[in-house]
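The structure appears right after this line, and notes come after that.
Please treat every number below as a calculation from the coordinates, not as lab data. Everything quoted here is computed from the prediction, not taken from an experiment. Don't worry about glycine lacking a Cβ; one is built from the backbone with ideal geometry, like all the others, and counts go over all protein chains shown.
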Amino acid sequence: MRAWHQLIGMSNKNEVHVFCLTDEVVQPQDLEKAKAVFASVHVFNLSKIAVLTRLSLAVFQKIPFQVAYFSDRKAIEEFKSLVQQINPDIVYCQLARMAEFCRDIENCKKVIDYQDAFSIGLERRIANEPWWKKYVVSMESKRLKNYESQILEDFEQRTMISEQDAKLIAHHLNTSLQIIPNGVDTDFYKPEPRARVIDLLFTGNMQYEPNVNCVIYVVDKVIPLLTKEFPHIQFVAAGMNPAKELQQIKSRHLQLTGWVDDLRSYYQVSRIFIAPMQIGIGMQNKILEAMSMGLPVITTTLANNAIGAIHGKEIWIANTPEKVAEAISYLLNNTELAINIGHNARKLMVEQFSWDKQNAKLIRLMDACVSENLLTESISEK
């Protein structure tokens with residue numbers, strides 16, 4: 001989502017060429033939609049055999065597994081050949097796992113979008129992983145932490161979604177990272193008057209460990225504190241591919257939806273959005289969407305740090321099961337307050353978190369990169 005909205009924003013005033021990798025079949029209609037927007041779109045299909053080979057070799061190396069997964073030699077050669085043909089002013093690299101494609105490219109400026117401190121995200125997951133996965137996740141976390149630091153000086157500019165994650169990059173120049181938050185399409189996600197038939201809503205990819213952890217946290221630790229006052233309380237977790245751990249939950253209060261074509265249909269009929277995230281990093285898009293829809297959101301300090309919403313005005317912060325349950329009860333029983341928080345949340349999204357606003361920051365950063373490059377060339381010529 002971040003990549004798509006940023007590319008759309010950049011293409012309004014710039015010639016944008018897209019190079020991307022896939023290990024899945026790309027539907028022709030999707031490819032044509034992209035080609036209609038950008039100057040060119042180049043898709044490299046990853047071979048599963050080659051991926052497995054690289055991952056096997058990575059066991060004996062220091063490279064992060066996620067970097068090895070994507071660093072196909074033929075793909076890198078094809079990308080560098082494309083760069084020579086296009087001769088771009090800027091190469092914009094999304095995620096550290098793609099850094100091998102462009103970290104040593106010369107004659108143009110390079111910008112890397114770290115997005116989040118993924119190494120720390122992995123580190124926070126270790127305690128919740130089964131014993132047989134702890135070693136691998138710990139190894140990947142350490143490797144990625146080193147790699148995030150190693151590549152930093154290979155790029156002229158570096159961006160991050162939140163300041164709290166920027167500080168977690170283990171490099172003395174981490175203060176140089178530019179903060180470009182995620183945005184939300186406030187025209188798409190906007191309040192719609194509907195009957196509120198769902199008490200509590202949570203959305204996201206239900207295979208993603210922080211989301212799985214959050215749903216289990218709500219069902220096991222929060223809902224039991226509410227059933228005496230709200231015996232029929234309903235908690236809907238809407239999102240694709242519910243993990244086996246979620247499917248095995250036996251609770252009459254939980255509903256798993258699986259894939260949803262348009263999540264707005266759930267935002268529109270819910271009273272409260274809850275996302276008391278216990279692990280994870282970065283900025284939660286689900287929270288931005290819910291706030292843009294005018295829903296009151298209950299979350300944790302961990303999740304709100306990247307957003308900076310004001311507790312009690314634009315969002316509700318609750319860091320323990322007891323506080324989450326207390327907040328749910330309070331907002332369910334105080335409809336006017338819940339509505340006001342939703343209104344203020346919507347206002348915050350429109351004023352500070354629209355994609356137009358975030359893309360304007362990114363484009364200013366890229367313009368400054370190009371201007372600096374042109375200035376350097378001019379001085380060299382003189």
Roughly how far apart, in whole Å, are the Cα centres of the range 234-298 and the range 69-138? 29
Output for the chain (equivalent-ellipsoid semi-axes, sqrt of 5λ from the C-alpha gyration tensor, Å, descending) is 38, 25, 20
Based only on Cα atoms, what mean projected area does the convex hull of the range 1-129 have, in nm²? 9.4
With the alpha-carbon atoms as the only input, what is the per residue convex hull volume for the range 283-359 in Å³? 74
Could you tell me which of Gly312, Ile249, Thr300 has its Cα farthest along the dipole of the chain towards the positive end, charges placed at Cβ (Lys, Arg +1; Asp, Glu -1), taken about the Cα centre? Ile249
Given the -39500 (n - 2.57) contribution per DSSP H run of 4+ residues, what per-residue ellipticity at 222 nm results for the chain, rounded to the nearest 500 deg cm²/dmol? -13000 deg cm²/dmol
For the range 18-81, take the alpha-carbon Rg, divide it by the Kirkwood Rh, and send me Rg/Rh. 1.06
Output for the range 170-227 (equivalent-ellipsoid semi-axes, sqrt of 5λ from the C-alpha gyration tensor, Å, descending) is 32, 23, 10
By DSSP, what percent of the beta bridges with both residues in the chain are antiparallel, rounded to the nearest 5? 5
Fully extended, how many nm does the chain gain between Leu55 and His42 (0.36 nm per residue separation, minus their Cα-Cα distance)? 2.3 nm
Counting every C-alpha pair in the range 199-253, the percent lying more than 18 Å apart is 27
Using only Cα positions of the range 198-353, each an equal point scatterer, no hydration layer, compute I(q)/I(0) via Debye at q = 0.08 Å⁻¹ and quote the log10 values to two decimals. -0.19
